[in-house]
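> Below you'll find the structure I mean.
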Amino acid sequence: MSTHQPLSLRTALLLTLPPLLWAGNAVVGRLAVGAVPPVALNFARWLLAFALLWPLGRAAWRDRAALRARWPYLSGLGLLGMGSYNALQYLALHTSTPLNVTLIAASSPVWMLGIGAVLYGVHPRRQDLLGAALSLLGVALVIAHGEPERLLALRFSPGDLLMLLAMFSWCLYSWMLARPPASMRAPERPAWGWAEFLSLQMGFGLVWCAAATGVEALVSDAQWHWSPAVFAILAYVAVGPSLIAYYCWGQGVATVGPAIAAFFVNLTPLFAALMSTALLGEAPHWYHAAAFGLIVGGIVISSRKR
């Protein structure tokens, strides 16, 4: 039986902040193309985030027995949530656009529902499917700029396929957070706070990130080109989409479950479109408001209790 709680205003706010920060991550990831090797950017991002979180999370690393008993789970979280998802996204941005990347991320409710049904026996309800349809309709409205014929001109690149793999990794990560093994549930779970648990995920994830960066150095001639902009990019990706977003996402998923949380990811392309609009100096259009209404409607419908 599910132990997840109904969606509250606080949880809704917690789950709204990550898509906003991830939309910015897609934009700065695109800006980093040509200046920073994509896999190395992912490694640097998590290394900085781990260092910033260390004062709050270091206590968890002292209990070696607890780590030895739970390292497969923690290593899996690190691989999927830090090592795979973000590296694949930065790689995708080399041949795709921030809008395309965030739009593909909007497929997460479908992945979440599918993985939940196949691996965890959580079958979608009618309202889940209706909520997914409404949210995806809102995303399509943003893609088309309110003109359906624009959808026929949409083209996908190799980077888009990499982003699909990234979303599959992210959805597995979210389900692992929501359905941990017995050793990570009370009363067996150690008394780790959010900072300690996230620090452990980052630490194990850094092993995968370092290995991938080594492979990138062997097969790619991409180099770092240091500039004030690169330092600003590193500061943003280490704090915003890493520490803040992962904290909020973890808290939200633990409260309402990954299937409902996934609908909030559909806000990412809307935020990305609004950021692009702001950068171009244009006012928001009617379809932004309509898309927001559809996406929120999907969230409300899917979050209703059985």
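The values are calculated or read from the model by the stated rules, or taken from the named source; none is laboratory data. These numbers come from a predicted model, not from an experiment. Neighbour counts run over all protein chains shown; Cβ positions are idealised from the backbone, glycine included.
> Out of the stretch 21-42, which residues are more than 22 Å from L206 (Cα to Cα), in a helix (DSSP H, G or I) and either at pLDDT 85 or above or touching a Leu at 6+ places or on another chain (Cβ under 7 Å) (or both)?
Residues satisfying the conditions are A23, G24, R30.
> Another question about this same structure. Among the residues of the stretch 216-233, how many are touching a helix residue (DSSP H, G or I) at 6+ places or on another chain (Cβ under 6 Å) and of a type outside the set (D, E, K, R)?
1
> Okay, moving on. Checking S199 against (1) farther than 18 Å from R62 by Cα; (2) in contact with a Gly (Cβ under 6 Å, 6 or more places away or on another chain); (3) of a type in the set (G, A, S), which test does it fail?
All conditions are met except number (1).
> Restrict the check to the stretch 58-77 and report whether at least one residue is among the hydroxyl-bearing types (S, T, Y) and at pLDDT below 95.
no
> Same structure again: Across the stretch 209-234, what is the number of residues that are surrounded by fewer than 21 Cβ atoms within 10 Å (Cβ to Cβ) and within 18 Å of the chain's Cα centre (by Cα)?
The qualifying residues number 1.
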